[in-house]
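None of the figures in this text is laboratory data; all of them are computed from the coordinates on show. Bear in mind the structure is a predicted one, so any value in this text is a computation, not a measurement. Cβ: placed from backbone, ideal geometry, glycine included. Neighbour counts: every protein chain shown.
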Amino acid sequence: MSATTTLRQSWIIMLRDLKHWQREPWTPLFGIAFTIMLVLVFGYLFGGSIVLPGGGDYLDYLMPGMFALAMMFGLEGTMTAIANDSKRGVTQRFRSLPISSVAVPLGRAGADLANSTVELLVLVGGGLVIGWRAGGSWSESLLAVALLLWLRFALLWVGILLGLVLRGEGGVMAVQVLVWPLGFLSNVFVSPEDMPAWLGTVAQWNPVSATAAACRDLFGNPTGITTGPLAEHATTVALVWPLVIAAVFVPLSARAYRRLSG
Amino acid sequence: MTQAPSLPAPATGPALHARGLRKHYGGTAALDGFDLTVERGTVHALLGPNGAGKSTAVNTLATLTRVEEGEARVAGLDVRSQHAQVRSAIGLVGQAAALDEVLHGRENLVMFARLHGLSTPAARDRAAGLLEALDLTEAADRKVSTYSGGMRRRLDIAVALLTRPAVLFLDEPTTGLDPRGRADVWEAVRRAVALGTTVLLTTQYLDEADQLADRITVMDAGRVVAEGSPAELKSRLGGDRVLVGLPDAVDAAVVRDAVAAVTHSEVHVDRDAGGLVVEAGTAGGTHALVAVVRALDASGVTPTHVHLREPTLDEVFLHLTDRTATPEESHS
Ligand SMILES: Nc1ncnc2c1ncn2[C@@H]1O[C@H](COP(=O)(O)OP(=O)(O)OP(=O)(O)O)[C@@H](O)[C@H]1O
Ligand SMILES: [Mg+2]
């Protein structure tokens with residue numbers, strides 16, 4: 001199957017996935033509403049009492065973290081969509097068609113990236129409304145957005161794999177719960193330097209932390225970081241982490257899709 | 001809309017031809033020396049009870065399941081060595097609808113047509129033609145989730161026809177549908193045949209095979225137990241069954257003789273809560289029914305009800321597989 005044929009097929013699947021969002025917009029809308037609620041809770045309820053290492057305004061610190069967290073939570077949506085689809089007859093038909101075995105997952109990836117781009121725009125707009133300011137240049141800000149989508153792209157393959165493997169309700173629920181501590185165990189809300197040492201180390205190495213730190217840098221926001229690997233090389237780590245994740249999970253997802261039976 | 005077979009297949013020879021197919025699942029033989037020949041442009045029904053091996057036969061011919069032994073050709077192509085060619089020559093509609101519920105009917109067709117490699121305008125054309133042919137134009141721009149069971153099945157058939165397959169496989173196309181839905185699907189099958197496709201369908205209902213099929217293969221335990229046109233099979237069963245209900249007071253022997261004299265078959269008399277029930281086989285259809293009523297009338301007996309029905313699938317099997325006879329089984 002040539003690359004252009006595969007891309008064309010993925011494009012057709014992507015349009016189909018987008019049409020699903022358009023016809024049943026509640027899931028993505030709820031996702032955005034939920035992230036906005038988190039911003040309000042942390043920014044206003046807890047924000048006043050948090051002092052950052054290295055100083056700076058908490059809301060300016062929080063927003064880039066929220067962007068990264070939203071990218072991570074997106075994998076839930078990917079997983080649920082894939083799990084629901086694979087239980088339905090339409091997957092049976094897709095599998096019987098003479099199309100590339102990565103066309104369906106790749107189409108999903110395209111649709112979810114499009115969806116996340118809109119979500120990011122809404123969040124950025126919302127952040128600006130409540131007083132978040134990006135001090136970086138335009139090109140730096142665009143690079144930050146690209147890094148966020150890059151994280152989303154890598155993690156969505158984790159979502160595809162999980163959706164294919166854990167098709168039952170129980171498995172999907174488990175991931176929806178587990179994604180929380182994983183998201184919180186990062187620098188999104190609190191600087192790892194304010195955590196107990198071992199916890200701080202784990203949080204520092206969370207892929208979400210790398211992307212959040214890089215975005216804070218690029219947006220010209222306080223990073224809450226005074227030492228450690230992310231102090232100097234946040235952008236590099238934010239590029240490499242998703243690359244590693246994608247390198248592992250893209251082939252695994254493609255294989256799981258090919259093996260899908262029933 | 002004109003439909004030409006998409007195949008470079010030979011223009012002669014049967015559409016389907018299978019000899020001695022075998023397939024085991026663990027200890028059970030799903031196919032145990034299965035033979036089948038289906039002529040081009042016909043509807044062929046595979047009739048059998050649960051577990052007879054109907055789906056296995058279809059899946060084997062559609063190359064979804066590997067055969068262990070035997071040979072099969074679909075549109076002249078070998079199912080063992082020409083997988084890809086066979087797949088592009090056939091359409092398959094399984095037991096569950098394989099459609100996108102959120103998309104409209106037309107959108108489903110256009111999407112699948114494009115995934116088959118058609119350009120968007122060509123896909124739109126093809127979709128419109130099939131919607132028209134399968135009488136779905138009115139519902140074309142509605143979500144599939146709003147469709148009735150029969151409409152879904154018809155759309156499923158339309159999707160299977162997108163590639164202009166030489167052979168269309170339908171696995172229990174009407175199971176779970178109401179009578180209206182069944183009639184719609186039957187009409188769709190007839191239209192598919194009119195478009196030039198050969199149809200192999202599986203069913204558990206004798207009347208369905210009777211209505212639709214040019215020929216019927218009755219199978220059980222992975223083997224063919226009988227083959228023939230609907231009329232041939234039914235006559236082997238001694239045709240329809242006449243049922244007559246009578247008041248309790250009537251003399252059973254008188255009734256038995258009167259009915260036997262006109263049906264020329266063995267007559268069963270049962271006693272139930274309402275009175276006597278007399279049952280006999282007949283090849284004469286409604287004529288026999290009238291004759292029975294006349295004969296009873298002549299003997300001074302007035303029936304409480306009379307009824308003509310087709311043999312049930314159970315009776316077909318009891319007859320054809322020569323299983324232990326039950327009171328139902330009366331030979332002509
Ligand atoms: N994948 C499988 N694994 C194990 N056994 C199977 C499998 N598929 C079919 N069988 C067995 O093979 C036999 C034939 O099954 P098949 O599904 O072909 O019957 P069928 O005539 O289609 O029945 P139904 O009317 O219930 O659809 C049955 O005994 C069934 O249990
Ligand atoms: Mg079956």
| note | region A:122-251, Kirkwood Rh and Cα Rg, ratio Rg/Rh at 1.00
| Cα→Cβ-extended label distance, 7 Å offset, between A:ASP57 and A:THR4, nm | 5.1
| query | Based on the Cβ-Cβ distance of B:GLU266 and B:THR12, what FRET efficiency does E = 1/(1 + (r/R0)^6) give at R0 = 56 Å, to the nearest 0.05? | reply | 0.75
| said: Please give the charge dipole size of the protein assembly as shown, origin at the Cα centre, charges +1 on K and R Cβ atoms and -1 on D and E Cβ atoms. Round to the nearest 20 debye. | reply: 1760
| task | Place a label point 7 angstrom from the Cα of A:ALA197 along the Cα-to-Cβ direction, then list the residues of region A:225-242 whose backbone nitrogen is under 17 Å away. | result | A:227-229
| request: On a 0 to 90° scale, report how tilted helix A:207-219 is relative to the longest principal axis of chain A, with both axes built from alpha carbons and the result rounded to the nearest 10. | output: 60
| Once the Cα gyration tensor of chain B is diagonalised, what are the square roots of 5 times its eigenvalues, in whole Å and ordered largest first, as equivalent ellipsoid semi-axes? | 44, 24, 16
| request: For an R0 of 41 angstrom, estimate the FRET efficiency from the Cβ-Cβ distance between B:ARG180 and B:ASP251 and round to the nearest 0.05. | output: 0.35
| How far is helix A:103-129 tilted, in degrees, relative to the longest principal axis of the Cα atoms in chain A, given as a value from 0 to 90 rounded to the nearest 10? | 30
| Between B:ASP78 and B:SER235, 0.36 nm times their residue separation minus their Cα-Cα distance comes to what? | 53.0 nm
| message | Treating only the Cβ of Lys, Arg, Asp and Glu as charged (+1, +1, -1, -1), what charge dipole size does region A:112-262 show about its Cα centre? Round to the nearest 20 debye. | response | 540
| request: Report the label-to-label distance for A:ARG23 and A:GLN176 in nanometres (one decimal), using points 7 Å from each Cα along the Cα→Cβ vector. | output: 2.2
| query | By how many degrees, 0 to 90 and rounded to 10, does the Cα axis of helix A:58-87 deviate from the longest principal axis of chain A? | reply | 10
| message | Per 0.36 nm of contour for each residue apart, how much would the distance between B:THR302 and B:THR286 grow if the chain were fully extended, relative to their Cα-Cα spacing? | response | 4.0 nm
| field | Expected 222 nm ellipticity per residue - DSSP helices of 4 or more, -39500 (n - 2.57), all of chain A, to 500 | value | -26000 deg cm²/dmol
| message | Can you give me the distance in nm between label points at B:GLU227 and B:GLU310, each placed 7 Å from the Cα along the Cα-to-Cβ direction? | response | 2.1
| remark: Farthest towards the positive end of the dipole of chain A, among A:ILE12, A:VAL175, A:LEU128 and with Cβ unit charges of +1 on Lys and Arg and -1 on Asp and Glu, lies the Cα of A:ILE12
| query | About its Cα centre, what dipole magnitude does region A:3-258 give when the only charges are +1 on Lys and Arg Cβ and -1 on Asp and Glu Cβ, stated in debye to the nearest 20? | reply | 1320
| request: Please name which of B:GLY13, B:ALA30, B:VAL218 has its Cα lying farthest along the dipole of chain B towards the positive end, using unit charges on Cβ (Lys, Arg +1; Asp, Glu -1) and the Cα centre as origin. | output: B:GLY13
| query | Say the dipole of the protein assembly as shown comes from +1 at the beta carbon of Lys and Arg and -1 at that of Asp and Glu; which of A:VAL41, B:LEU130, B:GLN85 then lies farthest toward its positive end? | reply | B:GLN85
| task | Can you put A:LEU260, B:LEU115, B:LEU130 in order of Cβ neighbours within 10 angstrom, beginning with the fewest? | result | A:LEU260, B:LEU115, B:LEU130
